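Please treat every number below as a calculation from the coordinates, not as lab data. Since the structure is predicted, the reported quantities are computational estimates derived from the model, not experimental observations. Positions of Cβ are generated from backbone atoms using ideal geometry, with glycine treated the same way; all protein chains shown enter the neighbour counts.
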Amino acid sequence: MTWYQRPVQIQVPASSANLGPGFDAFGLALGLHDVVRAQVIDSGLRITVRGVGEQSAGLGERHPVVWAMRAAFDLLGGQPPGVALHCDNAIPQGFGLGSSAAAIMAGVMAARALRGDSELPDAAVLRLATDLEGHADNVAACQAGGLTIAWVSGESVRTKSLLPLPGLKLVLCVPPLPVSTKVSRQVLPSTVPHADAARNSGRAALLVAALLGDASLLFDATEDLLHQPYRAASMPASAQLIGALRAARVPAVVSGAGPAVLALLVPPVTPGPEVVASIAAGIGEWEVRVLGVDRCGARVLG
């Protein structure tokens with residue numbers, strides 16, 4: 001087997017899934033990134049990490065980027081003699097911001113880039129990353145950027161990538177402590193009332209219209225009855241902040257499985273970022289960041 005001899009760099013965005021009513025289907029890529037640098041070496045495995053999750057450097061083969069690289073190398077026909085990996089991480093981990101999807105996508109794309117003569121199409125990258133991560137919503141947004149809708153058709157993972165309103169501002173509110181996705185999923189019921197499902201279906205359709213063309217619909221479009229009410233008890237601070245924001249007519253949702261909160265704003269149609277920051281400051285300890293939409297998705301840096 002032949003390998004690309006120089007280092008490769010992969011940039012991957014954070015992502016927010018669900019976006020209120022779009023449970024396990026919608027994803028939005030955020031302007032917040034991890035960068036992975038990988039190189040084939042003569043032997044062994046060397047990992048360094050800077051930024052978020054520095055302690056993960058000691059995970060060895062259990063590191064999520066390495067794990068994804070190994071799976072991709074197997075798909076490509078074999079493992080390299082050795083790998084050196086450096087991660088510059090900015091995506092908070094355990095807050096519903098797609099950090100695991102970003103790590104997996106970075107690993108799969110790094111493996112593809114290091115097999116310079118290989119053919120692994122984007123659809124195969126998406127399929128493998130989804131199999132490793134477990135859900136396509138964050139993976140699709142991380143890969144393609146912008147707003148994505150993900151679904152399964154037969155054995156295939158399908159996505160549709162859309163470009164949201166150019167004036168869309170994302171205000172991210174991150175609390176001090178994370179919540180595991182596993183814990184967050186355990187509180188979801190096995191069934192929901194038919195009326196709630198029907199209402200949610202309408203809101204999900206409305207959210208597409210709001211994000212693509214009519215910001216005045218964003219507040220109603222971000223209402224959710226499928227997952228946020230059931231998760232409220234497991235993340236009371238997030239529920240309190242969302243309640244306060246929505247009382248001020250701010251289109252706010254839990255980001256992914258939480259506990260981060262995301263406000264989707266298009267001033268002056270919606271309240272501005274300063275309103276979100278003021279409300280968050282009055283409730284508790286929240287790190288507030290104003291972000292843009294990542295419209296490029298995961299990519300190999302030059």
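Brief remarks on what is shown
- Degrees between helix 236-247 axis and first principal axis of the chain (Cα, 0 to 90, nearest 10): 50 degrees
- GNM result for the chain, Cα springs below 10 Å: residue of GLY22, GLY256, GLY58 fluctuating most strongly: GLY58
- Neighbour counts of other Cβ atoms within 10 Å put GLU155, GLU274 in the fewest-to-most order GLU155, GLU274.
- For the listed peptides 159-166, 95-102, a ranking on the average number of other beta carbons within 10 Å per residue, highest first, reads 95-102, 159-166.
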